[in-house]
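Just below is one structure, and these are the notes that go with it.
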Amino acid sequence: MRRLELGHINITDIQFGSESKIENGVLYVDEEAVKAIVLEDERIKDCKLDIAKPGESVRITPVKDVIEPRVKVEGRGGIFPGVISKVDTVGEGKTYALKGMAVVTAGKIVGFQEGIIDMTGPGADYTPFSKLNNLVVVCEPVEGIKQHDYEPAVRFAGFRVAVYLGELARELTPDKVEVFETYGIMEGAEKLPGLPRVAYVQMLQSQGLLHDTYVYGVDAKKTLSTIMTPTEIMDGAIVSGNCVSACDKNPTYVHLNNGVVHDLFEEHGKTINFVCQIITNENVYLADKQRSSDWTAKLCRLLDLDGIVLSQEGFGNPDTDLIMNCKKIEAEGVKTVIITDEYAGRDGKSQSLADADVAADAVITGGNANQVIVLPKLDKVIGTLDYVNTIAGGNEHSLREDGTIEVEIQAITGATNETGFGYLSAR
Amino acid sequence: MIKVVHYINQFFAQIGGEEMAHIPAERHDGEVKGPGAAFKAAFKDEAEIISTIVCGDSYFNEHLEEAKSTILAWVKELNPDVFIAGPAFNAGRYGVACGTIADAVQEELGIPAVTGMYVENPGADMFKNKVYTVPTKNSAAGARDAVSKMAPLALKLAKKEAIGASCQDNYMPNGTRVNFFEEKRGSRRAVDMLLKKLADKPFVTEYPMPDFDRVAPNPAVKDISKATIAIVTSGGIVPKGNPDHIESSNASHYGEYDITGVTDLTEATYETAHGGYDPVYANEDSDRVIPVDVLRDMEKEGIIGKLHNKFYTTVGNGTAVASSKAFAEEFSQKLLADGVDAVILTST
């Protein structure tokens, strides 16, 4: 049996202070110390820190990643293995997470595929991150650097800051402890006889060209479909390296708190045997798509699964991976529910996916990403509005003279998340 | 107070059954008939039925234009805030009449309309994408349930309030996807759906897959050197000038063109009618879309038996699958009658 205790350290407020510490649920941040951590990377010229709280008239854009700070208190390895910590298998022992807050990295990278987080107003309803106290790290690149060199600099800076803040909780007593237990294949079958064997198949964005995800530090597009203990993600085994449409990319926060994993654990031992997590990629070449989906289906069969939940990341090209996976896994007799989102046009009248199959008879949707929303002018912008017109979901008329913004919800970070992280849907 | 005009057939107006289906349209101002009473109760003091229009099902369908124009003139004069037709349950002609008149009231008078019927009523497939159609039971036993869903939807339409997703405002999915916030997050809904699927219990997918009508290819032609090959395309290749005016998008018909003696399609003789792709290369040389030149060579060399002297063409751009199917069903019979052995089907 593998067991992970996840301790919640509730953060109710963030303030800048002379010393970084957590006291009575308040995170005090030593601005200079955090800046020094960000500027360790010579590719980052400068950075500014800011704090955005729920309900404030604040807009954060362009958002790259959202990260929940965590610390490994007991057990093998450390947070973000193969990325920040040394490579070691994680997912056992004791981990503390700073709940109710996140580190948000912002600033221009690609420009058109970074998102918007509004802390109030109608836009706030569409992003899960408006409910958090956010420490925003706005980075600025050194001159002349190429985007693919700069993206990892900001990616790593966010992780370093998150790990630094997570460390502040090491000696604290958690406000709440969740326990996650998983079994070996034989052990589970013996302990939970008669319960349907279920896995979570997660498709990781790996189209390349800044559409990437990393597993223990390995670029997911260079991986074969494989098996993980579902608790590994809780220690940061999977991280985002994406500059994909903001609405349906999985920020690192979503990987750490994957909803499917948590909700399958809720049923584990009661109505199902949650056997494992299977990860697979979304490469652009047909041969890769065929190989990866063959492997997921094969693993589902090998593990004698009865059912799976299959989640997607991104849209269009990955729709073909989604349907291939679904078709092949269903063909193995494994009942499948897929989670996706839709691009049904601004009028909602177009076909929502780029591929379809009768095997996909159980679909959860995160909603139509083309829906247009008008975001009000907010008092403060953290980052810059320079890219609102070119962001995916925006157009040349998005930023209007009165300061309001008309965009598709595609531009809002997490709006139509395809791991089922949010509440949005469509019919 | 919101003004409602209600349309029902002779049966629900208690005039009679099939034997009275021939009666022309009647207008009963200030009267509430049949299910109108239930609507009246459901509206409380928010709305009133100012007139009930009754028409025999046979009359409506057999004198369509006359019935439509009479009723439209009445509704125009009455100028209600919303028009309600039915519910029609599983009565086929009644369902079609409800859909037809509700659609006409919306389109021609700009007055919002709602109807209700059983999902398998032919009127549902015909009109659910045009008129908000509440799914009902298949008999009048479901009247109370039908009215309880149609009435609030009618009030919302009358008040010009935003209409929610089909599952929220109880209408049949109408091809327009509408976003809304669920009570449970997506991952929890996925787990719940999986539990039902595992237990072989019914569940409702949130996005029904569009029907992809996949057709298995026929076995290979045994001896191609003796076969008559025809060309069919959705790439829109037509004789110069598009003589049959095939639409550039959402085509309503196909063309049949004789290519007896034609060995090459040139810029002067053929072009594409298709509006969905850059036509420059197809117009320069339509053989790029339908390879008449190469097939003539193969015919001469004896690789194929014969190129059929007619080709069939339409525009695939935005054309409804139902139209494409109807075109193909018709010209396939012609191809068979002409002794064609195989078809090369090109798209763009």
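The values are calculated or read from the model by the stated rules, or taken from the named source; none is laboratory data. This is a predicted model, so every value here is computed, not measured. Glycine also receives a Cβ, built like all others from the backbone with ideal geometry; neighbour counts cover every protein chain displayed.
Here segment A:1-44 is the region considered, the condition is being under 18 Å from A:VAL71 (Cα atoms) and among the charged types (D, E, K, R), and the residue that is surrounded by the fewest Cβ atoms within 10 Å (Cβ to Cβ) is A:GLU23. So is A:GLY333 within 22 Å of B:LEU194 (Cβ to Cβ) and in a loop (DSSP other than H, G, I, E, B) or not? The answer is yes for A:GLY333. Sort through A:ILE278, A:ILE339 and tell me the only one that's under 24 Å from the mean Cα position of the chain (by Cα), more than 14 Å from every other protein chain (Cβ to nearest Cβ), among the β-branched types (Val, Ile, Thr) and within 19 Å of B:SER187 (Cβ to Cβ). Just one listed residue meets the conditions, A:ILE278.
Scoring B:PRO135 on the criteria (1) farther than 22 Å from B:HIS63 by Cα; (2) surrounded by fewer than 16 Cβ atoms within 10 Å (Cβ to Cβ); (3) in contact with a Gly (Cβ under 9 Å, 6 or more places away or on another chain) leaves a single failure, condition (2).
Within segment A:175-183, identify whether any single residue is over 30 Å from A:LEU27 (Cβ atoms), of a type in the set (S, T, N, Q) and away from every other protein chain (no Cβ under 14 Å), and answer yes or no. Yes, because at least one residue in segment A:175-183 is over 30 Å from A:LEU27 (Cβ atoms), of a type in the set (S, T, N, Q) and away from every other protein chain (no Cβ under 14 Å).
So which strands (runs of 3 or more DSSP E) are wholly in segment B:198-258 and hold at least 1 residues that are of a type in the set (Gly, Ala, Ser)?
Details: elements: B:228-233, B:237-239, B:255-258.
Per the criteria, B:228-233, B:255-258.
Here A:GLU190 fulfils each of the conditions (1) more than 14 Å from chain B (Cβ to nearest Cβ); (2) in a loop (DSSP other than H, G, I, E, B) apart from (2).
For (1) at pLDDT 95 or above; (2) over 21 Å from B:ALA124 (Cα atoms), each residue gets a yes or a no:
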residue	(1), (2)
B:LYS40	yes, yes
B:ASP45	no, yes
B:TYR59	yes, no
B:ALA85	yes, no
B:ALA91	no, no
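Can you work out which of the residues in segment A:399-427 that are among the hydroxyl-bearing types (Ser, Thr, Tyr) and either within 14 Å of chain B (Cβ to nearest Cβ) or crowded, with 22+ Cβ neighbours inside 10 Å (or both) is farthest from A:VAL260 (Cα to Cα)? Looking at the filtered set, the residue picked out is A:THR413. For segment B:199-226, taking the residues that are under 18 Å from A:SER311 (Cα atoms) and not β-branched (Val, Ile, Thr), the one that is farthest from the other protein chains (Cβ to nearest Cβ) is identified as B:PRO208. A:SER350 meets the conditions (1) modelled with pLDDT under 95; (2) in contact with a Ser or Thr (Cβ under 9 Å, 6 or more places away or on another chain); (3) hydroxyl-bearing (Ser, Thr, Tyr) in every case but one. The failed one is (2).
In this structure, is B:GLY92 within 19 Å of B:TYR132 (Cα to Cα) and surrounded by fewer than 19 Cβ atoms within 10 Å (Cβ to Cβ)? Can you show your working first?
Values: within 19 Å of B:TYR132 (Cα to Cα): yes; surrounded by fewer than 19 Cβ atoms within 10 Å (Cβ to Cβ): yes.
Judged against the criteria, B:GLY92 is a match.
Remark: pairs (first residue in segment B:323-336, within 15 Å of B:ILE231 (Cα to Cα); second residue aliphatic (A, V, I, L, M); Cβ separation under 6 Å; 6+ apart in sequence or on different chains) = B:LEU335/B:ALA230.
Being closer than 18 Å to B:PHE331 by Cβ and of a type in the set (D, E, K, R): is that true of B:GLU284 here? No. Residues in segment A:294-312 that are of a type in the set (D, E, K, R) and away from chain B (no Cβ under 13 Å) were compared, and the one that is nearest to B:LEU195 (Cα to Cα) is A:ASP304.
Of the residues B:ALA88, B:ALA21, which single one is aliphatic (A, V, I, L, M) and touching a Cys at 6+ places or on another chain (Cβ under 8 Å)? Outline the logic, then answer.
Details: B:ALA21 fails: touching a Cys at 6+ places or on another chain (Cβ under 8 Å).
Sole residue among the options that is aliphatic (A, V, I, L, M) and touching a Cys at 6+ places or on another chain (Cβ under 8 Å): B:ALA88.
Select from segment B:131-183 the residues that are among the hydroxyl-bearing types (Ser, Thr, Tyr) and at pLDDT 95 or above and write down the one among them that is farthest from A:GLU342 (Cα to Cα). Looking at residues that are among the hydroxyl-bearing types (Ser, Thr, Tyr) and at pLDDT 95 or above, I get B:SER148. Just so you know, in segment A:313-336 the residues that are under 17 Å from A:GLU408 (Cβ atoms) and modelled with pLDDT of 85 or more include one that is farthest from the other protein chains (Cβ to nearest Cβ), and it is A:GLY314. Residues in segment A:61-118 that are among the acidic types (Asp, Glu), crowded, with 20+ Cβ neighbours inside 10 Å and under 18 Å from A:VAL179 (Cα atoms): A:GLU92 alone.
Please specify each residue of segment A:348-369 satisfying the condition of being more than 7 Å from chain B (Cβ to nearest Cβ) and acidic (Asp, Glu). Scanning segment A:348-369 gives a single hit, A:ASP355.
Across segment B:1-59, which residue is farthest from B:TYR94 (Cα to Cα) among those that are of a type in the set (S, T, N, Q) and surrounded by fewer than 19 Cβ atoms within 10 Å (Cβ to Cβ)? Checked segment B:1-59; the qualifying residue farthest from B:TYR94 (Cα to Cα) is B:GLN14. Only one of the listed residues (B:ALA113, B:ALA102) is at pLDDT 95 or above, surrounded by 17 or more Cβ atoms within 10 Å (Cβ to Cβ) and over 17 Å from the mean Cα position of the chain (by Cα). That residue is B:ALA113.
When B:THR228, B:THR260 are checked against the criterion of being of a type in the set (S, T, N, Q), touching a Leu at 6+ places or on another chain (Cβ under 9 Å) and in the same structural domain as B:TYR312 (by TED's automatic domain parsing), B:THR228 stands alone in meeting it.
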